[in-house]
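For reference, the structure is listed below as structure tokens.
The values are calculated or read from the model by the stated rules, or taken from the named source; none is laboratory data. This structure is a prediction, so every number in the text was calculated from the model and none was measured. Positions of Cβ are backbone-derived with ideal geometry, glycine not excepted, and every protein chain shown enters the neighbour counts. Heads up: the accessible areas ignore ligands, DNA and RNA and are worked out on the full protein's heavy atoms, side chains in. Shrake-Rupley method; radii C 1.70, N 1.55, O 1.52, S 1.80 Å.
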Amino acid sequence: MKPFSRHLIATLGVSAMALLPATGGVFLLSADQAFAQGKGNSGNNGNRGGGNRSDRADERGNKGNNGNNGNGNGRGNGNQPSASQQSVDGDEGSEDEGKPGRGAIASELKGLNAAHANINALMNASPNSQVGRIASYYFAVNATDDLLADIAAAEGYFDAETLESIAAYEDAIAALDPESPTYDAELEALTNSLNKVYEDLITDLDAEIAALDTDGDGIADDPTNDQALADLQAELNAVTTYRDAETLLAEAEAAEGDSYNNLVSDTLSEEAWAEFLSLLGLDPETEQPEIAIEETTEGDGEATE
């Protein structure tokens, strides 16, 4: 399929885009959703950079080949033993000097050892139980990965300039200061401009499809245009899929981070994190979300971390 090259909006600097006037048209991305992109990434937000969005999926591994089957029901291929299973029973040490052994890892994981529960246990666990909290994180990771996979699959229908434009608007939204007196106006302008990228693409595709299928029955008026019509319909589906996945991604990543913060209070060591992922059958390349540090007040009223 040919990449999109219709009505491209040139990539602008953050300061320039913030001054864009609001445009008309239907909101494809609400201001609340745009706000979530800027502030909602309390956890796994390291992947939301500009450029090729499929890089984020690559960083988390190929879903089809890492035991994560994409629909949230996979538990890995069952063939790869966890770190503790590879240890010799009763061996509290480690073959690698300086590396924690089975006992040390299990001790660090504490309640996270419940991650060995099967998929039925995860699906049916009480939300407030330890297994339930683990399940929340497990399904949140799968939801993020599903969206990243959708984005990666749809990216091939766009050209580089369009992707850079979309990334520039998203990054500009994320860079806005919610405390700024001009925040609302800047957010609305950027949101409308981002939406217009998608609107222009969809409008052009709809027009091209209508020209080949005048009665709207999904069949080309001229049989020789059947493949051209199918290609255009595939492009239209890719645009809407990409738009919807990008709109939901910030919220999914925030949910991933929040569910992990609800599960642990301290960052796990590299070895314990690898063990936790192995127990859950998740992609070993999955990054550990940041642990939120809550501010507390001491006797003098000053906030401390």
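Treating each Cα of segment 249-295 as one equal point scatterer and applying the Debye formula with no solvent, the log10 of I(q)/I(0) at q = 0.20, 0.23, 0.24, 0.29 Å⁻¹ comes out as -0.71, -0.91, -0.97, -1.21. Ligands, DNA and RNA left out, the accessible area of segment 194-257 computed with a 1.4 Å probe is 55% carbon and sulfur. Computed from the C-beta positions of Gln233 and Asp266 and an R0 of 51 Å, the FRET efficiency is 0.50 to the nearest 0.05.
Per residue, the solvent-accessible area of segment 210-264 (1.4 Å probe, heavy atoms of protein chains only, all protein chains present) comes to 44 Å². Across segment 107-234, the fraction of Cα-Cα pairs farther apart than 21 Å, rounded to a whole number, is 67%. Would segment 172-288 count as rounded, prolate or oblate if I go by the C-alpha gyration tensor, calling it rounded below 1.5 in a/c and otherwise prolate when a/b exceeds b/c, oblate otherwise? Since a/c reaches 1.5 but b/c is at least a/b, the shape of segment 172-288 is classed as oblate. From the square roots a ≥ b ≥ c of the eigenvalues of the alpha-carbon gyration tensor of segment 112-186, which class results: rounded (a/c under 1.5), prolate (a/b over b/c), or oblate? Verdict is oblate for segment 112-186.
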